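Quick notes on the structure that follows.
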There are 2 protein chains.
Amino acid sequence: MNVAAFFWVLIIPRGMKAEELHELDEHTYTKIMTLVRHLSRGLKNMTSAYKVNVATLGNQVRQLHIHIILRHEQDPAWPKPVWGHHETTLPNQDETNRRMAYVNEALASIEP
Amino acid sequence: MNVAAFFWVLIIPRGMKAEELHELDEHTYTKIMTLVRHLSRGLKNMTSAYKVNVATLGNQVRQLHIHIILRHEQDPAWPKPVWGHHETTLPNQDETNRRMAYVNEALASIEP
């Protein structure tokens, strides 16, 4: 999610019609949850986040997507969930680059 | 969660100090996510829910807990997330019994 206020990653499995995590076949489910686990752990460590929020809601956008949100006690929604905080300020280019580098580093820690 | 407005299940792993899903060892993580998968699928089918919300937030209560919430287009928070809706009306005994029976049935579908 391209907002300055939160480091907020969405995992969107491609080429599937699933709307619920439990609709994925066991292999795909395990693969995606492994990805979630590595990204949560890696990004939390790299950003010194206070808490990770992981969620699959999809009430409004039905296509399956998984939220991973790095939370800090200083973020504008703390300690509430981030949904409903309509932050629209974009991160600057340096911040975008930093986030992308963190995501790539976390992805690289996953064994093939 | 003992509120009439939502069929809302919390999974709380016992005897662990984990605060994040990714802190669980791989075996426990897989076991718990299998539980989440079976409960989500079973309870959604049994209650004809419109959507399942699955989340690990823990910003205020740190002990690891996983929310599974069966959502309906007629529920009082729809389509927003349920957090922040401070519903306190308890379900009646029949409703509590019905929910417990559904949970037990969903648990029974998990292979040992």
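Here are the numbers for this structure:
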{"item": "Which listed residue, of A:T47, A:T28, A:T88, is open to solvent by less than 60 Å² (accessible area, probe 1.4 Å), modelled with pLDDT under 95 and among the hydroxyl-bearing types (S, T, Y)", "result": "A:T28"}
{"item": "The range A:96-112 residues that are open to solvent by 50 Å² or more (accessible area, probe 1.4 Å), paired with ones that are assigned to a loop (DSSP other than H, G, I, E, B) and among the hydrophobic types (A, V, I, L, M, F, W, C) (beta carbon under 9 Å, 6 or more apart)", "result": "none"}
{"item": "Enumeration of residues in the range B:42-97 that are part of a helix (DSSP H, G or I) and closer than 17 Å to A:H65 by Cα", "result": "none"}
{"item": "For A:W83: the one exception among (1) at pLDDT below 95; (2) within 13 Å of chain B (Cβ to nearest Cβ); (3) within 19 Å of B:T30 (Cβ to Cβ)", "result": "(3)"}
{"item": "In the range A:98-110, the residues that are among the β-branched types (V, I, T) and either in a helix (DSSP H, G or I) or under 22 Å from B:N59 (Cβ atoms) (or both)", "result": "A:V103"}
{"item": "Residue identified as open to solvent by less than 50 Å² (accessible area, probe 1.4 Å) and more than 10 Å from chain B (Cβ to nearest Cβ) among A:L21, A:L64", "result": "A:L64"}
{"item": "Answer from A:M33, A:M1, A:M16 - the residue that is at pLDDT below 95 and buried (at least 17 other Cβ atoms within 10 Å of the Cβ)", "result": "A:M33"}
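The values are calculated or read from the model by the stated rules, or taken from the named source; none is laboratory data. Computed from a predicted structure; not experimentally measured. Please note: Cβ atoms are built from the backbone with ideal geometry, for glycine as well, and neighbour counts cover all protein chains shown. These accessible areas exclude ligands, DNA and RNA; they are computed on the full protein's heavy atoms, side chains included. Shrake-Rupley method; radii C 1.70, N 1.55, O 1.52, S 1.80 Å.
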